[in-house]
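Engineer: The structure is given below, and queries will be raised subsequently.
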Amino acid sequence: MRTDSLDETRIETQPPTRTLPHEGRHVGFTHDNQLVVSGGWPGRLTVFDPETGALQVERNLRIVATFLATPTTGPQLYTGANTGLAYTLPGLRRAPSLKGHRRDINSAMFSGDWVITVSGQHVAPTDNTLRVWGLDGIEAARIPLEGYGQQVVMLGEEHALVHTITSTGLALYRLDDGERIWMTTEAEYCNIGPIALSLDHTRLYAFTSMLGESGEAGFRLLDPWTGQEQNSWPSAKPWKSGHCFGMAIHPQSGHIFASLGDNSSEDTNHVVIRRLDPATGEWTASYGAAKQTLQVAISPNGRWLGSPLGKQVAVWDLSKQL
């Protein structure tokens, strides 16, 4: 079993419980803890039972999907590119699509009976927008963004936290009138990566490639309602060229599971999933490793961790580890 250097200690990297035969880019879990995979080529949308590894259902997308949104409640999921393709669960039957974005949708999230999407790319025609959709596929609201929308996280049902690239790093928007409550800039937060909310929605975790003057990559802890920084800690020491490709909050423990990459040398040029205890700022475990981008997802019951791993998707059984 390989080891991963976390600060001054070396922690065993936990091998997957099983791997599943889908080279996907995006992973998520349904409300009944089934693993969903989309992206990759040829484009497919698949649902697996993580307990047995059995393929439950599969659909041919004919595209390389840029996002995946799975519900914590309810029977509908979305994936696709500039059009959000909707499917009902468990049979993956087609439902009304989200049609209107001119560029790829980079992130989507459910909020009650609404779906929130953000879009933006470095090519024309520009479409740097946040949009609110009903489950019937009808657009209900549109908010312009200062920058290319990369990720949206709901703060309650009336506010959305948005991570963008270019002029605005992070911003909080009120959905009913589009008012921006606060924002940061990339000058303050260099190369912001994924963001995630604590279970009680009182803390916002944002990965950045530089913490202060140290040059180290790591996480900043912010007040989601004001944007004020509360704390920060490096993702590893020393880590001079770090990136975060995805993270998720465990629904019971509140631990952060993050896929972290370091390309500062050939010896560290890989991506590994690490677990952070936010109460102590300590990295406590390591899972899997691959020389590719890794997204992460955790099942609603907290048992399963899922992530792409090479040309497969890996799952870890967390029930005996937390």
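Engineer: If I ask for residues that are touching a Lys or Arg at 6+ places or on another chain (Cβ under 8 Å) and at pLDDT below 85, which ones from the range 279-302 would you list?
Structural biologist: Here is the first cut: in the range 279-302, the ones touching a Lys or Arg at 6+ places or on another chain (Cβ under 8 Å) are 283-287, 289, 293, 295.
Once the filter is applied, which keeps residues that are touching a Lys or Arg at 6+ places or on another chain (Cβ under 8 Å) and at pLDDT below 85, the range 279-302 yields W283, A289, T293.
Engineer: Quick check: is even one residue across the range 121-130 in contact with a Ser or Thr (Cβ under 7 Å, 6 or more places away or on another chain), of a type in the set (G, A, S), over 30 Å from L55 (Cα atoms) and free of Cβ contacts under 8 Å to residues at least 60 places away in the same chain?
Structural biologist: No; the residues of the range 121-130 include none that is in contact with a Ser or Thr (Cβ under 7 Å, 6 or more places away or on another chain), of a type in the set (G, A, S), over 30 Å from L55 (Cα atoms) and free of Cβ contacts under 8 Å to residues at least 60 places away in the same chain.
Engineer: Just to be sure I understand, how many residues within the range 164-189 are buried (at least 18 other Cβ atoms within 10 Å of the Cβ), assigned to a strand (DSSP E or B) and either among the hydrophobic types (A, V, I, L, M, F, W, C) or modelled with pLDDT of 90 or more (or both)?
Structural biologist: Selection size over the range 164-189: 6.
Engineer: Do you know which of the residues in the range 110-139 that are in a strand (DSSP E or B) and aliphatic (A, V, I, L, M) is surrounded by the fewest Cβ atoms within 10 Å (Cβ to Cβ)? Lay out the reasoning, then the answer.
Structural biologist: Filtering the range 110-139 for residues in a strand (DSSP E or B) gives 110-111, 114-119, 129-134, 139.
Then keep just the ones that are aliphatic (A, V, I, L, M); that gives 115-116, 118, 130, 132.
Working: V115: 23, I116: 23, V118: 28, L130: 24, V132: 19.
The qualifying residue surrounded by the fewest Cβ atoms within 10 Å (Cβ to Cβ) is V132.
Engineer: It is to be established whether one or more residues within the range 231-244 are of a type in the set (D, E, K, R), part of a loop (DSSP other than H, G, I, E, B), at pLDDT 85 or above and surrounded by fewer than 23 Cβ atoms within 10 Å (Cβ to Cβ). Talk me through it step by step, then tell me what you get.
Structural biologist: From the range 231-244, those of a type in the set (D, E, K, R) are 237, 240; that's our starting set.
Filter once more, so that each one left must be part of a loop (DSSP other than H, G, I, E, B): 237, 240.
When the remaining residues are screened for being at pLDDT 85 or above, the result is none.
Checked against the condition, which is being of a type in the set (D, E, K, R), part of a loop (DSSP other than H, G, I, E, B), at pLDDT 85 or above and surrounded by fewer than 23 Cβ atoms within 10 Å (Cβ to Cβ), the range 231-244 yields no hits at all.
Engineer: Another question, if that's okay. Can you name every residue in the range 190-214 that is surrounded by 15 or more Cβ atoms within 10 Å (Cβ to Cβ), modelled with pLDDT under 85 and part of a loop (DSSP other than H, G, I, E, B)?
Structural biologist: Within the range 190-214, N191, I192, G193, S209, M210, L211 qualify.
Engineer: A further question on this structure: Which of the numbered conditions does G28 fail, given that it passes all the others? Conditions: (1) in a loop (DSSP other than H, G, I, E, B); (2) touching a Ser or Thr at 6+ places or on another chain (Cβ under 7 Å).
Structural biologist: All conditions pass for G28, except number (1).
Engineer: Still on this structure: Just a yes or no: is a residue in the range 53-67 buried (at least 21 other Cβ atoms within 10 Å of the Cβ), modelled with pLDDT of 95 or more and under 27 Å from I298 (Cβ atoms)?
Structural biologist: no
Engineer: Is there any pair with a first residue in the range 252-280 that is surrounded by fewer than 20 Cβ atoms within 10 Å (Cβ to Cβ) and a second that is modelled with pLDDT of 90 or more and among the hydrophobic types (A, V, I, L, M, F, W, C) whose Cβ atoms are under 7 Å apart and which are 6 or more apart or on different chains, and what are they?
Structural biologist: These pairs meet every condition: G254/L199; P278/I256.
Engineer: So, R62, is that one basic (K, R), more than 17 Å from W133 (Cα to Cα) and in a loop (DSSP other than H, G, I, E, B) or not?
Structural biologist: On the way: basic (K, R): yes; more than 17 Å from W133 (Cα to Cα): yes; in a loop (DSSP other than H, G, I, E, B): yes.
Taking the combined requirement at face value, the residue satisfies it.
Engineer: Filter the range 86-106 for residues that are crowded, with 20+ Cβ neighbours inside 10 Å and part of a strand (DSSP E or B) and give the result.
Structural biologist: Once the filter is applied, which keeps residues that are crowded, with 20+ Cβ neighbours inside 10 Å and part of a strand (DSSP E or B), the range 86-106 yields A86, Y87, L98, I105, N106.
The values are calculated or read from the model by the stated rules, or taken from the named source; none is laboratory data. All of these numbers come straight from a predicted model, not from anything done at the bench. Heads up, the Cβs are rebuilt from the backbone with ideal geometry, glycines too, and the neighbour counts pull from every protein chain shown.
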